[in-house]
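As structure tokens, the structure follows; a few thoughts come after it.
The values are calculated or read from the model by the stated rules, or taken from the named source; none is laboratory data. Please read all numbers here as calculations on a predicted model, not as lab measurements. So basically every Cβ, Gly included, is an ideal-geometry build from the backbone, and we count neighbours across all protein chains shown. Please note that ligands, DNA and RNA were not included when accessible areas were found on the heavy atoms of the full protein model with its side chains. Shrake-Rupley method; radii C 1.70, N 1.55, O 1.52, S 1.80 Å.
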Amino acid sequence: MKANEWIDLRSDTVTRPSSGMRRAMANAEVGDDVFGEDPTVERLQTLAANLAQKEAALFVPSGTMANLLAVLAQTRPGDSVILHRDAHPYQYESGNMAAVAGVLPVTLPGDFGILNPENVQSHIDSGADHHRSPTTLISIENTTNRGGGAIYPVTTVQKLGEISRRHGLRLHCDGARIFHALVELGIPLSEYAQHVHTLSFCFSKGLGAPVGSILLGDKQTIERAHRFRKMLGGGMRQAGVLAAAALYALENNVERLKDDHKRARIFREELEKSCAISFPLPSPTNIVYLDVSDAPSLASRLREWGILVLPVSKTRVRAVFHLDIDDGKLHRAIEAFRNVIPRCL
Ligand SMILES: Cc1ncc(COP(=O)(O)O)c(C=O)c1O
């Protein structure tokens with residue numbers, strides 16, 4: 001089967017750059033960004049900073065690096081960072097905050113990947129007792145990956161912002177999929193950004209770019225992050241070809257995220273009619289989790305139908321809707337699921 005014939009629902013990172021995006025990349029004006037001379041990177045950073053109404057922005061290769069730079073730039077080794085126990089940096093970033101930044105992750109529960117501000121407040125360590133690890137950063141994720149694509153209520157982020165300021169801490173938002181939240185709520189990026197010190201988002205999740213994320217914040221913090229980017233080998237030379245893809249993604253692929261949410265909803269509604277499947281979490285955006293009796297076996301049976309899903313545990317699979325899944329592919333996926341999952345009598 002050719003790559004573009006698969007119906008790949010494993011992640012929204014699997015999209016391939018469209019011909020329009022490839023043209024934009026081919027035509028990009030470039031320079032050496034390590035010398036600060038790439039005009040397309042500069043244009044992207046300025047646009048992103050303006051959208052968030054933050055002082056500065058830094059283009060980085062990945063969401064993982066953006067999160068790590070946020071930690072490195074806003075903590076010291078031995079500090080503690082409060083985050084949800086399902087948060088991406090804790091679950092899926094190779095333990096980098098402990099291994100590289102030397103901080104102690106303090107993980108908390110919360111419905112659908114969302115932290116409860118009162119609970120966060122009660123876990124803040126002032127560091128007055130030298131036996132303990134002072135909290136200097138709170139990190140949230142919007143939308144929540146393992147929480148089923150849940151959207152952080154703006155009021156919750158506002159409360160966390162107030163708590164962080166009251167305690168002299170920093171608040172970071174891993175906004176890998178923040179545009180999914182924004183199109184659903186119909187609000188601008190700055191609405192969330194005003195409550196956090198740093199915010200990152202990805203061009204390669206749902207927005208269709210092959211690579212790239214951005215970190216936003218005040219000048220001093222982004223300066224520090226820039227130094228750490230260099231230290232980690234994340235300085236990129238003629239990165240304008242990548243920044244051009246990111247600019248194209250921002251200009252063309254944001255509003256259409258609503259289509260992915262609609263397809264996720266239809267997919268779920270159609271499959272809810274099957275008995276041997278349940279949906280453990282709400283699916284307000286593009287991520288749908290399904291509980292089944294044997295996730296790896298379901299994934300391999302679906303593979304025979306040309307459908308790829310991601311088993312995330314023995315009994316849970318994930319299906320994610322994105323730019324490369326149109327209505328035709330959606331309906332083929334529903335049909336395949338119906339064929340491999342037993343129906344109710
Ligand atoms: C919520 C979230 N944050 C961060 C990342 C890391 O991004 P990257 O794969 O670009 O390192 C991901 C990746 O899927 C993610 O889902």
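Observations, loosely collected:
- Members of segment 292-345 that are open to solvent by 60 Å² or more (accessible area, probe 1.4 Å) and charged (D, E, K, R): Asp294, Arg301, Arg303, Glu304, Lys314, Arg316, Asp326, Asp327, Arg332, Glu335, Arg338, Arg343
- Selection within segment 156-169 - open to solvent by 40 Å² or more (accessible area, probe 1.4 Å) and within 23 Å of the chain's Cα centre (by Cα): Gln158, Lys159
- Any chance Leu51 is more than 15 Å from Ser190 (Cβ to Cβ) and either at pLDDT below 95 or in contact with a helix residue (DSSP H, G or I) (Cβ under 7 Å, 6 or more places away or on another chain) (or both): no
- Selection of segment 200-228 for residues being polar (S, T, N, Q), touching a residue at least 60 places away in the same chain (Cβ under 8 Å) and more than 16 Å from the ligand (Cβ to nearest atom) yields only Thr221.
- Matching residues in segment 229-243 - criterion: being open to solvent by 10 Å² or more (accessible area, probe 1.4 Å) and on the phi < 0 side of the Ramachandran plot: Lys230, Met231, Leu232, Gly235, Met236, Arg237, Gln238, Val241, Leu242
- Annotation for segment 87-101: at least one member residue is closer than 23 Å to Leu290 by Cβ and aliphatic (A, V, I, L, M).
- When restricted to residues that are open to solvent by 10 Å² or more (accessible area, probe 1.4 Å) and not in a helix (DSSP H, G or I), segment 175-194 contains 6.
- Test: Gly233 is within 16 Å of the ligand (Cβ to nearest atom), without any contact (Cβ under 8 Å) to a residue 40 or more places away in the chain and over 19 Å from Ala28 (Cβ atoms): yes
- Restricting segment 322-345 to residues that are of a type in the set (Asp, Glu) and part of a loop (DSSP other than H, G, I, E, B), the residue that is nearest to the chain's Cα centre (by Cα): Asp324
- Among (1) under 19 Å from Thr144 (Cα atoms); (2) touching a residue at least 12 places away in the same chain (Cβ under 8 Å) - the single one Gly95 does not satisfy: (2)
- Hits in segment 198-218 - residues which are assigned to a loop (DSSP other than H, G, I, E, B) and of a type in the set (Val, Ile, Thr): Val211
- Only one of His197, His172 that is in contact (Cβ under 8 Å) with a residue 60 or more places away in the chain, buried (at least 22 other Cβ atoms within 10 Å of the Cβ) and within 16 Å of the ligand (Cβ to nearest atom): His172
- Test result for Ala319, aliphatic (A, V, I, L, M), modelled with pLDDT under 95 and not in a helix (DSSP H, G or I): no
- Scanning segment 29-55 for residues that are open to solvent by less than 20 Å² (accessible area, probe 1.4 Å) and either farther than 22 Å from Leu171 by Cα or touching a Lys or Arg at 6+ places or on another chain (Cβ under 7 Å) (or both) yields Gly31, Asp33, Asp38, Thr40, Val41, Leu44.
- Counting only helices (runs of 4 or more DSSP H) that sit completely within segment 57-155, those holding 2 or more residues that are open to solvent by 40 Å² or more (accessible area, probe 1.4 Å), assigned by TED's automatic domain parsing to the domain that holds Cys202 and within 16 Å of the ligand (Cβ to nearest atom) correspond to 88-92.
- With respect to the conditions (1) outside the structural domain of Val100 (by TED's automatic domain parsing); (2) touching a residue at least 60 places away in the same chain (Cβ under 8 Å), Arg265 lacks only one, and its number is (2).
- The set of residues in segment 1-17 being more than 21 Å from the chain's Cα centre (by Cα) and not in a helix (DSSP H, G or I) consists of Met1, Lys2, Trp6, Ile7.
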